[in-house]
Every structure is written in structure tokens, then in C-alpha cells.
Amino acid sequence: MAFIVDLADVSDSDRPQVGGKASKLGELVRQGLPIPPGFVVTTEAYQAFVDATGLKTEIPAALASIDPSHGETVETASKRIRAAFETTEFPPSLRETVAEAYESYVRRFSVRYSAVRSSATAEDLEGASFAGLQETYLNVAGTDNILTAVRKCWGSLFTPRVLVYRQRKGFDHASVRLAVLVQKMVDATVSGILFTRDPNTGENHMIVEAGYGLGEAIVGGEVTPDHYVIDGATQKIVHKQLSEQRVRIVRAEGGGNRREEVPAAERKAQKLSDHRLQRLVSLARLIESHYRRPMDVEWCGDPESLYIVQARPVTTIPTSTVPGAQAEHAPSGSDAKAEEGPILRGFGASPGLAVGSVRVLKSAEEMEQLQAGEILVTAMTTPDMVPAMSRSAGIVTDEGGMTCHAAIVSRELGVPCVVGTREATTLLSSGMEVTVDGKTGVVYKGTGPKGKSAPAPRTAAPAAEAGGYHGHEGVPVTATKIYVNVGVPEKAEEYARLPVSGVGLLRIEFIFTAHVREHPLALIKKGKKDELVRRLADGIGKVCQAFHPRPVIIRTSDFKTNEYRGMPGGEEFEPQEENPMIGWRGCSRYISPVYKPGFLAELEAIHRVRVDMGMKNAMVMLPFVRNTWELEEIAEMMRAQGLRRSRDFQLYLMAEVPSTVLLAREFSKHCDGFSIGSNDLTQLVLGADRDSEILGRMGYFDERDPAVQRAISLLIEGAHAEGRTVGICGQGPSVYPEFAEFLVRDGIDSISLNADTVVSTIRTIASLEERMKLASVRRSG
């Protein structure tokens, strides 16, 4: 990919080049959603800037110098790196490229002002949103100002808050790069955030928050927004809570932002009309339908239209879906006086109970005063407070709603949080003992309400624990085995604490994009095959070590030609196909003379993990299998690399092509089990392109279709007849309970899920199995 790419040409597969924010928005442009136009300054431009200047040595030197005992803190290193970015001039050719792209985009879309937005390769992930941590600059105009904003965005990859958050979430500083998204600025009169599922309770409700002006006031917690709850099944508005808004952020004359007072007559009015609210809900349903998981959506509107400006997976859905007490959010003056009852009420923003001593902070400059295990009380957290938030036992704020910075980050850290109390900094003082109930949005004096025993105080937790994957003693056991999908190796230790039987899907593509970052054949041509094998083995080994001795099923590469072409060095080796979805992919690549060296490198890396690292839990799964004869050739290649099917080494096949289903008994002779790839199987059974916006909107693409379910039944029947197992890796069983019930009733052996849905899906399946058992008893009786 070049230094510049049009947002309309971007998709999810381009994350390594355009970052999380831009890849999601580009994907939604392709789905026909209203996204402001723009272009991306890619991670390749970032790397070129770093490589061509002194930053290539300055960044690692500054990070290596961190030593608090000698006064070299994270803050010192951050200041040094960011100053270097902001004072280093663009290399002339790169400056010319970015300037020409900006000027062309201005002419093409009649742009006056732009938003310049950071888009990092490690953001908007399922386990780490990096919400609000990297910089965004609004209402920017003029080439020189755009170039300055781009450099500042690059530098924000190394702010103290980002360095701390990245370390806590297990990301390697050296492997993360930043793209910059430049978009046409919407002159927003209203803006806000929407969750397609309640992030606090997990209930099937959409949560919408709205306020006047630009969304920065809501995300930053400067105002408490209107709060709307929409029933997920009926799409009806079931709850409204209107808030008084005295100040809004709007565009300043000549660019930039300014704060202005909201006219008195408008302050308590509903910020988003019911009609526009229903339009927004319709857009959100399309986004959730496309990604097939709960989504966190940022939006804004001018007097004529609504626009989507960000979409990312909800990073924290609670494991329990017991309804929370969300009906009474307004502070109660009478309750605040009673020691036996709540002294504060607000929004329950992050579930859990915490007991501790209050520490009131007026700003981020005071955060060093907060000791581990204390309750952080402040008007509103800022991204700079992340280090203090991670040390706290609980968080309480005056301002903010369920979608503000404090709410999002506290949920990811696993810290109980109550926001929007309006008077926490007034009623609470440092040293007071309080109990914070992050589920109900209530703060009690002392160890809780009268008659309740105090919970064990929460203290600062390790990263894996803070992610919410602990305390699974109450999770039921199921006959259906549950596995977890792993994409980023750095998350393996955290996910290994989940109550799962192992990894059902480790996509080697993510290791290519995060650790290798170059087309495998390009590296081999340069004589860097050993480096390729080492990087792959390091990434795979990290996951296998975290889960050992539980099995880790590694799916070998399944990039399509268009995806491979996008990798550095890929254009030399990849053809341009009209329909890459059913083109040169999966096993057909492995047996072709062109790609065979790349596949052998993958096999060598897996063999190294099993032999040199001693990780015998590493298994292999082959994608997009079409014929048995290609399997015979691949099996010979694997045996030559020391990977032979045996009691301690299993080979699995992805069941995505109908031929695998129709000839399940024949294919069973070549494997130990199957894993259903429901997306590809659905598109090939129904003849419905999974990327077709038109067919998707019309409802053609649906794994619950009777024909798809019949195909799955045939596969399970044929595989079981030969003593082979059948699993499925995908979100269908967690999104559609009726689909999960069908799978369990048909005898699926295992289900592999994304980490955030594991515990809730285990409970769903346990309930299904129990009902089936009771039904069987009744029939036999």
C-alpha cells in the first residue's frame, strides 16, 4: 500500500496499513453508510518518516532510558519522543505526497475544514479500544496546519497514557504504528455515542447518548448527555433521561474549537428528536448486522443528515446479563443525607463492587497522590489519568455518561465505576471510606448499605484479571466443548484465564500482519526466510505457551489475493482476480509452485514451536479445502517438515466449501476433525456474496437459513459416522441463541468464540443442554 489511500478504498483487511479507526470506517463506506469522505496517511508513511529521520534511533533510545530510580520516567521519555516528532520536518518527497493528497481531496469534496484523527494498528480491537488515548484535531484548515496535525498525531502514539495502557494490554511498543485519517469536518449541531447492546448489563438494549455540538464534550465527560434506551427486539424507545446542558463545543471562526453557552430555552430540551433517533438506530442495526457482534458507534449530525464517525467492537460485555438498576440515575438529595442508604447516585458505568478510601483529584497533575486500592473521585477522568485509573479500586465522577472516557476505560480495566453523579467532588472528601457499586450506579458511605456485608476490597489487578476474565468458579460445565479464538498473540495470557478447553482458531494471518508485516515471498526472495520463520514461531509460540497443555489449533494462512497484494512486496507475487473470495486461496495456494515456499515456511515455524519450544499442543487446521487430492499433496509436504498425524498431533479441516460437506466421509479419511467456517459455507451454499451490500440488506446472507443448517447437519452426520469431531468458529452461536440451540441439538462437538462472549455463551449452552436433558427424561417417562 502507498503512503496515501482514499478512505473509500479501505476495508477491514487493511488494518496494518490504515489502523483500526480507518479500516472500520472504510469498511462501512463500502456498506453504503453515511461516512464523511476522507483519505488516510498510511502506516507506511509513518514508517518512512521515522526511517528517514533521527526518530529511528531516538524512539528506542528514549524508551530504553526509562528508569524511575534515576529520574527517567515514562513522562520524560514521552516528552522527548513527542518533541522530536513535532520539531522534525517532513522529508521533501513525503511532504509533497501528503500535501498533494490533501489539496486534491479539498477540491474533490469542497472541503473547508477537516478532522485529523489518529488511527493506530492497535486500537478498536475487541479487547482493547484505546478509547480517546491518541490525539484528534478538529476544524483544521490549510496544508501547513494539516501537516503539523499529522506529526502531532504520530507523536501521540507515545503519550504517557498510551505507553501505560499499551503495556497493560500486552502490546509491544515497537510493533505498533500509526496511520492518520483526514476527513471532511461535519459542522455538528448534535452528536453522541451509541452501544448496540448495553455494555454494563449485557441486555439486548441499545444505549444512545446525545448532546449539543461536537462530541468531544461527551467523550471527555464535560457534559452529562441525554440518555435513551431502545429495546433491541422491538426498536421502541423504552426510557429517556434528559439532562441539562449549559455549554457546547462548536467550530470557532477561522478554525479550531470554542465553547459557548447553550441558550436557556434549549438547555433542558431533548437533544435528538424521536424521528432522528430511529434513523440512528436503523444505521446502528446495519453496522451490527455487518460485524455480527455488539458495536460501539460514534455519530454526529448537522441540520440535514446524520453521520457515522467511528465504529468498534464493544470491548466489555459482562458475563452476566442480569438486568441492572438503570431506571433511577438522577442524584437524590434525600438519599445523600442518609448514612444507611446511598449517598450518591449516577450511571452504573462498569459493574462490580469496590470498598476503599476516597482520593479526590482535581486534575491529572495530582494523580501521583492516588495510592493503589483507593477510590478515585474526580469531576471527570481524562486520558492522562489512565495510570491512576489502573491503580484505583473504584472510580466516581461528577460528569459523564455510559459512553464517556471514564466509562469505557474502567470497563476495560475491570474497575467498578459510577459516572454522572454531579456532586461527588462536593459530597466526598479524601480519606472517607465508601463502597462503589458499579452495576447499580450507587455509592454508599462505609462498607455499604445497612444489612449488607462488605465485599472484599478490590485492589489494582494484573492485566489479565482486569480484563474481566477471572472468578469463573460459578461458570457451568457443558458437554459441548468451548474454545476461544485468538488473533493477537499479545492477548494470549489474558485469554488463557478463560474457562475454555483451548484455542479453536489461531489465525496465522494476524501474526503475518502484526509480527511479519511483509509478503512472505518478498522476504524469502530477500534471503530472509529464517527471519520469517522466527517471527511466525515467536507469535505462535507465545499463544501455545500461554495455553499449554490445552490444544491450540493454528489455521494456516488464508489471505485472498487482494489482501496479499496489499502487503509490502505483495504486488510482485499476487495476480489481480475478479472474484478473490472464490479464487486462489487456502489449500490451492499451498500446492502451487509459486506460493509453496511460503507455506513451507509456515510449516517450519509450527514444527519449530512443537520441537524446539516443546509445545506439543500446537495443532494445524487447513482452510478452504476443495478436494481430497490436494490434501494428499499437502500431507506429504507436512510429513517432510516433521508434521505427521498421530496421537499427539491432529490435523483439522475448515468446512467452508460444499464439497467438504457432501463428501464428509471421504474427507474424514484425511483429518482428525472439521471446523465449520459459517461465513464461507453460507455464501457458497446460498450463492450469496458475503461482501454484497445489496444481498446483505435484503437478508440473503444468514447462517440460519434452512439450506445452511441442512449442510451443517450433513457434515456432522458424515463426520461422526467416521469417528471425527465437528466444531464451529464464529459469532453465530453467541449472536443467535436459536442457532446455538440448533447446533447443540444436532450434536456439534465444540464451539470456538471471541473472548468477550465466552462466559455468556457457556451459560446459554449449559441452559440448552439442561433443557434437552429434561425433555429427554419426560419422553422416556
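Values as computed for the structure displayed
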item: Residue within the range 557-573 that is within 28 Å of residue 494 (Cβ to Cβ), in a loop (DSSP other than H, G, I, E, B) and modelled with pLDDT of 85 or more present; result: yes
item: Search result, residues across the range 76-118 that are among the aliphatic types (A, V, I, L, M) and assigned to a helix (DSSP H, G or I); result: 77, 81, 83, 84, 94, 98, 99, 101, 106
item: Set 435, 403, 421: member being open to solvent by less than 10 Å² (accessible area, probe 1.4 Å) and at pLDDT below 85; result: 403
item: Identity of the residue in the range 673-718, within 25 Å of the chain's Cα centre (by Cα) and among the hydroxyl-bearing types (Ser, Thr, Tyr), that ends up modelled with the lowest pLDDT; result: 692
item: Which numbered condition residue 391 fails, given (1) without any contact (Cβ under 8 Å) to a residue 60 or more places away in the chain; (2) farther than 25 Å from residue 245 by Cβ; (3) of a type outside the set (Phe, Trp, Tyr); result: (1)
item: Residues that are among the small types (Gly, Ala, Ser) and either farther than 17 Å from residue 155 by Cα or open to solvent by 90 Å² or more (accessible area, probe 1.4 Å) (or both), drawn from the range 77-113; result: 93, 99, 101, 104, 110
item: Checklist (1) under 24 Å from the mean Cα position of the chain (by Cα); (2) on the phi > 0 side of the Ramachandran plot applied to residue 535, failing item; result: (2)
item: Inter-residue pairs, beta-carbon under 6 Å, first farther than 14 Å from residue 113 by Cβ and open to solvent by less than 30 Å² (accessible area, probe 1.4 Å) and in the range 240-253, second at pLDDT below 90 and of a type in the set (Ser, Thr, Tyr), 6+ apart; result: 243/224
item: Identity of the residue in the range 574-589, among the charged types (D, E, K, R) and in a loop (DSSP other than H, G, I, E, B), that ends up nearest to residue 619 (Cα to Cα); result: 585
item: Residue list for the range 458-476, restricted to those being open to solvent by 20 Å² or more (accessible area, probe 1.4 Å), modelled with pLDDT under 55 and either within 18 Å of residue 762 (Cα to Cα) or not in a loop (DSSP other than H, G, I, E, B) (or both); result: 463, 465, 468, 469, 470, 471
item: Number of the exception - residue 324 against (1) surrounded by 14 or more Cβ atoms within 10 Å (Cβ to Cβ); (2) modelled with pLDDT of 90 or more; result: (2)
item: Selection count, the range 24-49, where residues are within 15 Å of the chain's Cα centre (by Cα) and surrounded by fewer than 24 Cβ atoms within 10 Å (Cβ to Cβ); result: 1
item: Residue check for residue 721: farther than 14 Å from residue 480 by Cα, modelled with pLDDT of 90 or more and surrounded by fewer than 19 Cβ atoms within 10 Å (Cβ to Cβ); result: yes
item: Pick from the range 497-510, criterion out of contact with any strand residue (DSSP E or B) (no Cβ under 7 Å at 6 or more places or on another chain) and farther than 23 Å from residue 672 by Cβ, ranking: most open to solvent (accessible area, probe 1.4 Å); result: 497
item: Output for the range 627-658, where each listed residue is open to solvent by 10 Å² or more (accessible area, probe 1.4 Å), among the small types (Gly, Ala, Ser) and on the phi < 0 side of the Ramachandran plot; result: 635, 640, 646
item: Subset of the range 739-778 that is modelled with pLDDT of 85 or more and not in a helix (DSSP H, G or I) - its residue that is most open to solvent (accessible area, probe 1.4 Å); result: 749
item: Check on residue 517, modelled with pLDDT under 95 and either among the polar types (S, T, N, Q) or under 30 Å from residue 44 (Cα atoms) (or both); result: yes
item: Some residue of the range 83-93 being under 30 Å from residue 689 (Cβ atoms) and either at pLDDT 90 or above or in contact with an Asp or Glu (Cβ under 7 Å, 6 or more places away or on another chain) (or both); result: no
item: The range 189-236: number of residues that are open to solvent by 10 Å² or more (accessible area, probe 1.4 Å) and aromatic (Phe, Trp, Tyr); result: 1
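Quick grid of which residues meet (1) assigned to a helix (DSSP H, G or I); (2) closer than 22 Å to residue 622 by Cα; (3) modelled with pLDDT under 90; (4) touching an Asp or Glu at 6+ places or on another chain (Cβ under 8 Å):
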position: 478; (1), (2), (3), (4): no, no, yes, yes
position: 490; (1), (2), (3), (4): yes, no, yes, yes
position: 499; (1), (2), (3), (4): no, no, no, no
position: 513; (1), (2), (3), (4): yes, yes, yes, no
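The values are calculated or read from the model by the stated rules, or taken from the named source; none is laboratory data. The shown structure was predicted, so the numbers you read here are calculated from the model rather than taken from an experiment. Ideal geometry is used to build each Cβ from the backbone, glycine not excepted, and the neighbour counts take in all protein chains shown. In case anyone asks, the SASA skips ligands and DNA or RNA and just uses the protein heavy atoms, side chains included. Shrake-Rupley method; radii C 1.70, N 1.55, O 1.52, S 1.80 Å.
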